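Read-outs throughout are calculated quantities, based only on the coordinates presented, and are distinct from any laboratory measurement. Since the model is a prediction, treat every value here as computed from it, not as a measurement. Here the Cβ is made from the backbone with ideal geometry for all residues, glycine too, and neighbour counts use every protein chain on show.
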Amino acid sequence: MTTYIAVLRAINLGAHNRIAMADLRTMCGKIGLADAQTLVVSGNLIFRSNVASSAKLEQLLEASSTKHLGVTTDYFVRSAKEWQASIAANPFSAEAKNDPARLVMMCLRDAPAAAAVTALQAAIKGRETVRAKGKQAYFVYPDGQGRSKLTIAMIEKALGTRGTARNWNTVLKLGELAQ
């Protein structure tokens with residue numbers, strides 16, 4: 001069995017798309033995923049599966065969430081090996097060390113074109129910085145995300161794909177749990 005990490009998009013934001021993590025773990029057992037664990041309530045899931053395709057697991061989890069939990073949302077699934085490669089590919093090592101809460105990794109549905117990443121960086125009005133590698137994008141928010149004009153809607157429009165982000169502390173913790 002392969003260990004996977006799944007991050008859910010836009011759940012448990014206020015009263016919107018509420019999912020209890022215990023219910024998410026129970027759902028995983030019902031659909032044949034093993035050893036499901038969650039990390040915080042923002043939709044971080046670690047599990048094992050014999051299914052060898054992240055894309056197939058995304059489809060299975062998305063359909064199952066709608067059926068069993070009554071919530072339709074995107075899942076972004078990476079094997080533990082892929083997750084570790086994404087950690088290693090982080091182009092912002094100084095920020096990861098010095099201010100990991102202001103470093104964000106976004107899991108994307110599709111790898112964006114280099115021109116789209118360049119256009120997004122050019123469109124940023126603040127001090128934020130973006131780089132992408134494969135199906136991950138990395139963002140530094142030196143002034144914090146709360147006041148930033150670099151929103152998920154702007155990012156997704158510019159990159160032409162959907163995604164969900166986690167701060168670097170969460171990225172590292174998920175990597176540890178998946179070992």
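Any chance you could check the Cα centroid distance between the stretch 21-48 and the stretch 54-122 for me, in angstrom? Here the answer is 18 Å between Cα centres. Each label was represented as a point 7 Å from its Cα along the Cα-to-Cβ direction; for GLN179 and GLN145 these points are 2.5 nm apart. Across the stretch 48-139, Cα pairs under 8 Å and at least six residues apart give a relative contact order of 23 percent. Recomputing Cα extents along the principal axes in Å from the coordinates shown identifies the correct label among [x] 46, 33, 28; [y] 39, 34, 29; [z] 45, 35, 33 as [x].
Among the trypsin sites (Lys or Arg not before Pro) within the stretch 68-155, those in coil by DSSP and having at most 13 neighbouring Cβ atoms inside 10 Å are LYS125, ARG127, ARG147, LYS149. Label-to-label distance for ALA34 and LYS56 is 1.6 nm, based on points extended 7 Å past Cα in the beta-carbon direction. Normalising the average separation of contacting C-alpha pairs (under 8 angstrom, six or more residues apart) by the number of residues puts the relative contact order of the chain at 24 percent.
Helix 168-177 versus the longest principal axis of the chain: what is the Cα-based angle in degrees, 0 to 90, to the nearest 10? Relative to the chain, helix 168-177 is tipped by roughly 30 degrees. Just check the stretch 74-148 against the gyration tensor rule for me: Cα atoms, a ≥ b ≥ c as the square roots of the eigenvalues, rounded for a/c under 1.5, and otherwise prolate or oblate depending on whether a/b exceeds b/c. Oblate shape, in that a/c is at least 1.5 and b/c is the bigger or equal ratio. The stretch between ASN169 and ASP110, if pulled fully straight at 0.36 nm per residue, gains 18.9 nm over its current Cα-Cα span. What distance in nm lies between label points placed 7 Å from Cα along the C-beta direction at SER93 and ILE152? The modelled label-to-label distance comes out at 3.1 nm.
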